[in-house]
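Student: Pasting in a structure now, in structure tokens, and then I'll have a few things to ask.
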Amino acid sequence: MFSFSKKIITVCVLLVLILVVTFWLGRSHDVEQATYQAERQVTQLNNYIDTELARFSAIPQLLTYNSLMIDFVDAQPQHYNAINNYLADIQQASGASDIFVLNTQGEVIASSNWQADYTFLGSNFAFRPYFKRAFAGEKVAYFALGMRSKERGIYFSQAVYRDNKAIGVVVLKVNVSKFEDDRELLNTSKGSHFFLQLADEVIAMSDMQTWRLNSFTELDITMRRDIKSRRAYLDHQPLYIKQFQFSNEGIKHLKIDKKLYVMSQRPLRYFNATMNVLVDITKVNSAQLPRLFWVFIICSLVIIISYILLTRFAGYKKLVYSRHSLELEVLERTQALEKVQTALVQSAKLATIGQLSAGINHEINQPLSAINTYLASAKRLLAKGNTSALGESLVVIEGLVNRVHQIVGQLKHFSKPSKMQLRPYPLAGLVNNALMISSAQLKQDNVQVEPPQFDETVVVWVDSLKFEQVLVNLITNASQAMNGAIIRNLSFQLECFEERVKLSILDTGSGIEQHAFGNLFEPFYSTKSSKGLGLGLSISKQIIDSFNGCLSAHNRVEGGAEFIISLSNRQENKDD
Ligand code: ADP
């Protein structure tokens, strides 16, 4: 895993790389666009100048075919004014600077400017190449400075023939400043320059005045001598314009006066010269700044968003992982707990069997002890021959035997609750029966019983045997709780309401232990160590609940416990 600082360095390096690539791509794009612009402009300029030159070059040709012109050149003085006017008209209509005619000696015999101060009439241009070459039969287009006007111009010349013999030359001159001016109309000058370079490396025309008639090439002595001899530029010697040219990725660059240009060149069709267009790319580097700014902003946003998403994803992955491991842990612990619980249940079962045996033993021992006592008494009565008392004892014994049956039968309560037979019973009789059954225990614990003085009319809707079982359990518990107490008093209280009866069994024993309150009515809860089964109160509560009653307990302020049974004194629907 990368540390945080390493990550930051990686991101920064990446960002710088992206910016560098953006810069170079943007720069290349802009240079390409500038080159495209230069090419478009050079094509446009060439088309325009070529069309113009073609138009001008056709005029001397037409004039040489004109019979009037041929006659004039042949027999010169006859139509002097008429020819001059004719040339002036053509010059005006075509937009040429001058049109003039030379005889075989190179003298101007007719000229469109015949009325002007600077008229060529009478001048001799025999030394001019446009005369010599035309007279030799060539169709000439020639750049030179005007002798008188000193203006740059292109001279188109062609010989006039009679009977296949050259008898003169027609010359048309166009000022190149016309193209320089027209070029502005073409709207190609924004952020760009152009120059027309002749075969001798001299710049014939350009929108830059300082470049005109000068050269981007350092002319050697031979070239200069040649220029001087031709006198095309009269006495002007072309100056060298300092610049630096180089090619980058196939694109020609030119650096001049701290400015950088891309250059596109194309030769003219009707003139031996090359048109060059330069598009300014000096600010191409600084032009990348806005682009770099936006790329930087976008990249930063992408990095920030990616970081947030990755952090969230990592958090989510961690959450899923920890949830998964938590689930596994829970599963493992559950399995472990299940094992422990199985082991616990097993040992609890064994403990329960032990407790149950002890409990059953204890519960059945009470009536059996009572039977024993009554049997001893019965033997004594038999020996005395007191048959009536003997009969009473036997009835009691019979009752106690039935009691044992009932107790054993109650154990079925946990597996299969027996069907209840709720009937109205006088409460006093039920309490007395329970006291009689518990008498042996009460006697053993030396407990003083305050017999209940209940009205015989007070009835409760119960199953008598089960209710007696509850009472016996509560009385026995009370008796055992008083074992060891100084005052051992068992008493009953009765409160009657319109529909319910509230019976309290009060003792003066140790009271219920505080911690026992929560579990008192839970099965198998006992504080009597091996002696207690812990089922008495649990069964009692179930029985009272089935009477639609309520069994509760609390400690008395004066000491001892109070168990309260609340029951209905009339028949209710719930009697199952
Ligand atoms: P067992 O008598 O077998 O212990 P019970 O369900 O009858 O089972 O009683 C549960 C526990 O309730 C007793 O162990 C004892 O702690 C407490 N208890 C019941 N009756 C009294 C009472 N009258 N005084 C004090 N504690 C009592």
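The values are calculated or read from the model by the stated rules, or taken from the named source; none is laboratory data. Please read these numbers as outputs of a predicted model, since none were measured by experiment. Cβ placement follows ideal geometry from the backbone for every residue including glycine, while neighbour counts extend to all protein chains displayed. Side chains are part of the model used for accessible areas, which takes the heavy atoms of the whole protein and leaves out ligands, DNA and RNA. Shrake-Rupley method; radii C 1.70, N 1.55, O 1.52, S 1.80 Å.
Student: Ignoring any ligand, DNA or RNA, what whole percent of the accessible area of the chain comes from carbon and sulfur when the probe is 1.4 angstrom?
Tutor: 57 percent
Student: Probe 1.4 Å, all protein chains in place: accessible area of Glu329 in Å², nearest 10?
Tutor: Answer for Glu329: close to 80 Å² accessible.
Student: Please work out whether the chain counts as rounded, prolate or oblate from its C-alpha gyration tensor, where a ≥ b ≥ c are the square roots of the eigenvalues and a/c under 1.5 means rounded, while otherwise a/b larger than b/c means prolate and anything else oblate? It would help to have the intermediate numbers written out before the result.
Tutor: Working: a/c = 8.42, a/b = 6.28, b/c = 1.34.
Prolate, because a/c is 1.5 or more and a/b exceeds b/c.
Student: Another question, then. Note down the relative contact order for the chain as a percent, whole number, built from C-alpha pairs under 8 angstrom at least six residues apart. Please list the in-between numbers first.
Tutor: Numbers: 853 pairs, mean separation 53.0, N = 576.
This gives 9 percent for the chain.
Student: Roughly how large, in nm² to one decimal, is the mean projection of the convex hull of the alpha-carbon atoms in segment 1-107? Intermediate results must be reported in sequence, preceding the final value.
Tutor: Numbers: hull surface 49.1 nm².
For segment 1-107, averaging the hull's shadow over all directions gives 12.3 nm².
Student: Around Val460, what is the net charge, scoring Lys/Arg as +1 and Asp/Glu as -1 over all other residues with Cβ under 11 Å from its Cβ?
Tutor: Values: positive: Arg423, Arg500, Lys502, Arg570; negative: Asp463.
Surrounding charge for Val460 is +3.
Student: State which entries of Lys7/Lys318; Lys139/Lys252; Lys379/Lys541 exceed 31 angstrom in Cα-Cα distance in the structure shown.
Tutor: Details: Lys7/Lys318 20 Å; Lys139/Lys252 34 Å; Lys379/Lys541 40 Å.
Over 31 Å Cα-Cα: Lys139/Lys252; Lys379/Lys541.
Student: Same structure again: Where in the chain are the helices, taken as whole DSSP H runs, whose Cα atoms extend 20 angstrom or more along the long axis and whose Kyte-Doolittle mean reaches at least -0.5?
Tutor: On the way: long enough: 4-65 (91 Å, 0.39); 80-94 (21 Å, -0.41); 289-384 (135 Å, 0.47); 387-410 (34 Å, 0.60); 464-482 (27 Å, 0.47).
The qualifying helices are 4-65, 80-94, 289-384, 387-410, 464-482.
Student: Give the distance, in whole Å, between the Cα centre of segment 484-498 and the Cα centre of segment 120-151.
Tutor: Segment 484-498 and segment 120-151 have Cα centres spaced 157 Å from each other.
Student: Can you order the peptides 464-473, 554-563 by their average number of other Cβ atoms within 10 Å per residue, highest first?
Tutor: On the way: 464-473: 22.6, 554-563: 15.7.
Order by mean packing, descending: 464-473, 554-563.
Student: If you stretched the chain out fully between Asn483 and Leu17, how much longer would it get, using 0.36 nm times the residue separation minus the C-alpha to C-alpha distance? Walk me through the numbers on the way to the answer.
Tutor: Details: separation 466, 0.36 × 466 = 167.76 nm, distance 9.66 nm.
My answer for the length gained is 158.1 nm.
Student: Which value, in debye to the nearest 20, describes the size of the charge dipole of segment 30-106 about its Cα centre when Lys and Arg Cβ atoms bear +1, Asp and Glu Cβ atoms bear -1, and nothing else is charged? Intermediate results must be reported in sequence, preceding the final value.
Tutor: Details: 2 positive and 9 negative charges, 42 e Å.
Rounded to the nearest 20 debye, it is 200 debye.
Student: What accessible area per residue, rounded to a whole number of Å², is obtained for segment 417-576 using a probe radius of 1.4 Å? Provide the component values of the computation, followed by the final result.
Tutor: Details: 8020 Å² over 160 residues.
For segment 417-576, the per-residue accessible area is 50 Å².
Student: Only Lys, Arg, Asp and Glu count, each charged at its Cβ (+1, +1, -1, -1), so figure out the dipole size of the chain about its Cα centre, rounded to 20 debye.
Tutor: On the way: 59 positive and 53 negative charges, 350 e Å.
Dipole of the chain, to the nearest 20 debye: 1680 debye.
Student: From the protein chains alone at 1.4 Å, what is the descending order of accessible area for Phe72, Phe517, largest first?
Tutor: Details: Phe72 0, Phe517 75 Å².
Largest to smallest exposure gives the sequence Phe517, Phe72.
Student: Once the dipole of the chain is set up with Lys and Arg at +1 and Asp and Glu at -1 on Cβ about the Cα centre, which of Gln448, Ser215, Asn473 lies farthest towards its positive end?
Tutor: About the Cα centre, the residue reaching furthest to the positive side is Ser215.
Student: Kindly identify segment 99-192 as rounded, prolate or oblate by the Cα gyration tensor criterion: order the square roots of the eigenvalues as a ≥ b ≥ c, call it rounded if a/c is under 1.5, otherwise compare a/b with b/c, prolate if a/b is larger, else oblate. Could the numbers behind the result be given before it?
Tutor: Numbers: a/c = 2.77, a/b = 1.80, b/c = 1.54.
Taking the square roots of the gyration eigenvalues as a ≥ b ≥ c, segment 99-192 is prolate.
Student: What translational diffusion coefficient, in µm²/s and rounded to a whole number, does the Stokes-Einstein relation yield for segment 40-103 at 20 °C and a viscosity of 1.002 mPa s, taking the hydrodynamic radius as the Kirkwood radius over Cα pairs?
Tutor: Numbers: Rh = 13.3 Å.
Using the Kirkwood radius from Cα pairs, D works out to 161 µm²/s.
Student: Related question: Once ligands and nucleic acids are excluded and a 1.4 Å probe is used, how much of Ile8 is accessible, expressed in Å² to the nearest 10?
Tutor: Rounded to the nearest 10, the figure is 80 Å².
Student: Further, regarding this structure: Give me the accessible area of His515, 1.4 Å probe, in Å² rounded to the nearest 10.
Tutor: The accessible area of His515 comes to roughly 120 Å².
Student: Next question, about the same structure. Ranked highest first by the average count of other Cβ atoms within 10 Å around their residues, in what order do 213-223, 156-166 fall?
Tutor: Numbers: 213-223: 14.7, 156-166: 17.8.
Highest mean packing first, the order is 156-166, 213-223.
Student: A further question follows. Solvent-accessible area per residue for segment 236-332 at a 1.4 Å probe radius, Å²? Before the final figure, lay out the partial values.
Tutor: Numbers: 7200 Å² over 97 residues.
With all protein chains present, segment 236-332 gives 74 Å² per residue.
Student: Shifting gears a bit: Classify segment 49-171 as rounded, prolate or oblate, taking a ≥ b ≥ c as the square roots of the eigenvalues of its Cα gyration tensor: rounded when a/c is under 1.5, otherwise prolate if a/b is larger than b/c and oblate if not.
Tutor: Values: a/c = 1.26, a/b = 1.13, b/c = 1.12.
Here segment 49-171 falls in the rounded category.
Student: Within 13 Å, Cβ to Cβ, of Gln61, how many net charges do the neighbouring residues add up to if Lys/Arg are +1 and Asp/Glu are -1? Show your work: numbers first, answer last.
Tutor: On the way: positive: Arg55, Lys139; negative: Glu138.
My count for the surroundings of Gln61 gives +1.
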